[in-house]
Amino acid sequence: MRQRLERRAELTYSASDEKRWAEERERVLAEREKASRVFELGWMQSPTTQSQDALWSNLFTEETKEDQKQYIKSCNSHLNEPVREGEIVLLPTTEPKTPEDKKLFDEWLEQA
């Protein structure tokens, strides 16, 4: 009987437990988001001559965050208006953090 009561007490949780769990969940989600934003540099060639607006509307999805859209656009200030077929569009996942990443990005930007 005593063990049963102790076990029931262990399985009962309070508002402070709920709060602690919610804080931990937010922390883990923030860490996952940060970890998923590792610098990777993709690129593509414009498949056709098209306006920049058309390029971006074809490229971005509803899931693309606004800050990501703005960063990618800022990395592609070299594009003509309209974007010509074959022009290189840089698609970084995030800003380069290490010197090696910055060097890689600068080299691609120079080639574009």
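The values are calculated or read from the model by the stated rules, or taken from the named source; none is laboratory data. Everything quoted here is computed from the prediction, not taken from an experiment. Ideal geometry is used to build each Cβ from the backbone, glycine not excepted, and the neighbour counts take in all protein chains shown. Ligands, DNA and RNA are excluded from the accessible area calculation, which covers all protein heavy atoms including side chains. Shrake-Rupley method; radii C 1.70, N 1.55, O 1.52, S 1.80 Å.
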Show Val38, Val89 ordered by accessible area, largest first, where the area counts protein heavy atoms only and the probe is 1.4 Å. Val38, Val89
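Report the semi-axes of the equivalent ellipsoid for the chain in whole Å, largest first, where each axis is √(5λ) for an eigenvalue λ of the Cα gyration tensor. Walk me through the intermediate numbers first.
Details: eigenvalues 484, 55, 19 Å².
For the chain, the ellipsoid semi-axes come out as 49, 17, 10 Å.
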With all protein chains present and a 1.4 Å probe, how do Met44, Met1 order by accessible area, largest first? Met1, Met44
Given an 8 Å cut-off on Cα distances and at least 6 residues of separation, report the relative contact order of the chain as a percent. 33 percent
Roll a 1.4 Å probe over the protein chains and send me the accessible area per residue for the chain in Å². 78 Å²
As a test question: what accessible area, to the nearest 10 Å², does Arg27 have when a 1.4 Å probe is rolled over all protein chains in place? 110 Å²
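Using a cut-off of 14 Å between beta-carbons, work out the net charge of the residues near Ala54 (Lys and Arg +1, Asp and Glu -1, Ala54 not included). Present the calculation step by step, with values, prior to reporting the outcome.
Numbers: positive: Lys73, Arg84; negative: Asp53, Glu81, Glu85, Glu87.
Counting the neighbours of Ala54, the net charge comes to -2.
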Please work out how much accessible surface Trp21 shows to a 1.4 Å probe, ignoring ligands, DNA and RNA, in Å² rounded to 10. 110 Å²
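Between exposed GluC sites (Glu not before Pro) in the chain, where DSSP calls loop and at most 16 other Cβ atoms lie within 10 Å, what's the longest gap?
On the way: sites that count: Glu40, Glu62, Glu63, Glu85.
Of all site-free stretches, the longest is 1-39.
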For the stretch 55-112, with all protein chains present and a 1.4 Å probe, just round the carbon and sulfur fraction of the accessible area to a whole percent. 48 percent
